[in-house]
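What follows is calculated from the coordinates using simple rules that are stated; it is not laboratory data. None of these values were measured; they are calculated from a predicted model. Methodologically, a virtual Cβ is constructed for each residue, glycine included, from the backbone with ideal geometry; neighbour enumeration extends over all protein chains shown.
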Amino acid sequence: MDNPLILIVDDELPICQNCVKILSKMNYNVQYALSGYDALKMLDEYQFDVVITDLKMSNLGGMEVLRRIKEFHPEIIVIVITGYASVSSAVEVMKMGAFDYLPKPFTPHELRSVVYQALAERKILLQNQELIQKKERIKSFSHQLIGDSPKIKKVISMVQKVAPTDSTVLISGESGTGKELISRAVHANSARKDEVFFAVDCGTLSGNLLESELFGHVKGAFTGAHKKKDGIFRLANKGTVFLDEISNISLNVQSKLLRFIENREFLPLGNTAVQKVDVRLIFATNQNLEEQVAGGSFREDFYYRIFVYPIMMPPLRERKMDILPIAYHFLKQFSRDLDKKITGFDANAVNRLTDYDWPGNVRQLRNIIERAAILCEKDQITLKELPLLGDIGDIEQLIDNIPATNEELKQIKKVIRQKAVAKVEKNFVTNALIQNDWNVTRAAQKTGLQRTNFQTLMKKHNIKPPSPAKPT
Ligand SMILES: Nc1ncnc2c1ncn2[C@@H]1O[C@H](COP(=O)(O)OP(=O)(O)OP(=O)(O)O)[C@@H](O)[C@H]1O
Ligand SMILES: [Mg+2]
């Protein structure tokens, strides 16, 4: 309410003009209408803060103006001027929701003071409305995170608490756990939801490039800077910036970000004039930042500055009860996209999905379900469509698998190594036993292993001496 807008309604022109004169001195914007009927038309056109109306008018009286305002514009404050200061009409207009009444004749001081009070009342009214709206926004919390496990529920409730604030958020968790989804939920449930959300992958931008992307640069700031460029922080003004994979940020850019966090001010590259913006920051990492601080690749002061509201995304293997709901969610989505009618998973498929450790987390689960949906020709996903890592006996088959992410590559390497070693170990122990007529002590001696270690290997590979042939 910088310049309050006030409407005077009276069928006597001199009264209108007088009120305009008195109130204009207060820096108010004042208009007038010479009938109740004209007033109603103006109410549809402008957003008045206060309406001062005479009670008795030939063309639609003040009582009717008041009634319509309370019905269609309840946030407008109405003051009624009464020519005949009868108690009964005063009581009546107050009952109908008028803020106050002003008996004629009134002094300029009386008029100003009642308008002043009315504006104060309106301010409170607006603030209350804003509060209610804010509460409703928080109530209608929305997100796309599937899962009922206590761990994901805790994450969701943390998001709900922090979203409406402007607080910096740090999300950590393994690759594919849903860090970006969380950051979008924080933005979508904040007052900034209608402004931009800018996601920056700090892992793919080298030091200098990241700096100029974030802060912008002036023409000629460095070789290749042919023209001035606004940075992400400027473009995202009033919105949210999500900085992903922050463990990759160079120490130099970390120190610039630290300064930015402290006062939301920055210098574009090559510029000397400080710029100020209003952005909310969300950080994410799949690395252990404390270790990086200890190792010197991450500034300690920067770490503490962003460690305001940390949200840890638990890996999928630590919330196994979420696997099936998420799997069904993706199956429904892909089945619809592929125009298929796949209704679910058979019992074996369910067991395999829930037994698996999901090193690539939800992203890997999504990929596997997508592949299964493409392969599936019936109405249920079976083991045939789920050639999951770690379940394949044959190394040859594993080698043919094409990993989709670094996590999957790591996992596949681990499984191949384990399986290859196991095969060699089993052959080694079995052969030594056969060579030594299943005498464990001698087999251990010959191979150079301690007897207990040899026995451990036998147990590991479930190697037992052949049962004596039954006499015929
Ligand atoms: N709880 C969940 N419910 C539904 N979908 C999810 C859930 N968690 C993650 N996803 C989906 O899994 C995929 C990976 O999530 P996201 O990109 O947010 O992970 P991330 O932690 O940012 O991974 P990275 O570290 O690799 O960037 C996305 O398709 C996302 O929509
Ligand atoms: Mg991500």
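For this structure, a couple of remarks:
- The eigenvalues of the Cα gyration tensor, multiplied by 5 and square-rooted, give the chain an equivalent ellipsoid with semi-axes of 74, 30, 19 Å from largest to smallest.
- Neighbourhood net charge (14 Å Cβ-Cβ; Lys/Arg +1, Asp/Glu -1) for residue 46: -4
- Sorting the segments 420-430, 438-448 by their mean number of nearby beta carbons within 10 angstrom, highest to lowest, gives 438-448, 420-430.
- Added length on full extension, which subtracts the Cα-Cα distance from 0.36 nm per residue, residue 104 to residue 307: 66.7 nm
- For the chain, the longest principal axis of the alpha carbon atoms and the long axis of helix 179-188 meet at an angle near 10°.
- Between 0 and 90°, nearest 10: helix 406-435 axis offset from the chain longest Cα axis: 20 degrees
- Annotation: the antiparallel percentage among DSSP beta bridges lying fully within the chain is about 10.
- Helix 62-72 axis, angle to the chain major axis (alpha carbon atoms, nearest 10°): 10 degrees
- Approximate shape of region 318-388 as ellipsoid semi-axes (Cα gyration tensor, √5λ), whole Å, largest first: 18, 12, 10
- Using distinct alpha-carbon pairs, which all enter the 1/r mean, Kirkwood radius of region 5-136 in Å: 14.8 Å
- Computed helical MRE - 222 nm, the chain, DSSP H runs ≥ 4 contributing -39500 (n - 2.57), nearest 500: -15000 deg cm²/dmol
- Column: log10 I(q)/I(0), Debye, Cα scatterers of region 157-313, q = 0.08, 0.16, 0.17, 0.19 Å⁻¹: -0.22, -0.88, -0.99, -1.22
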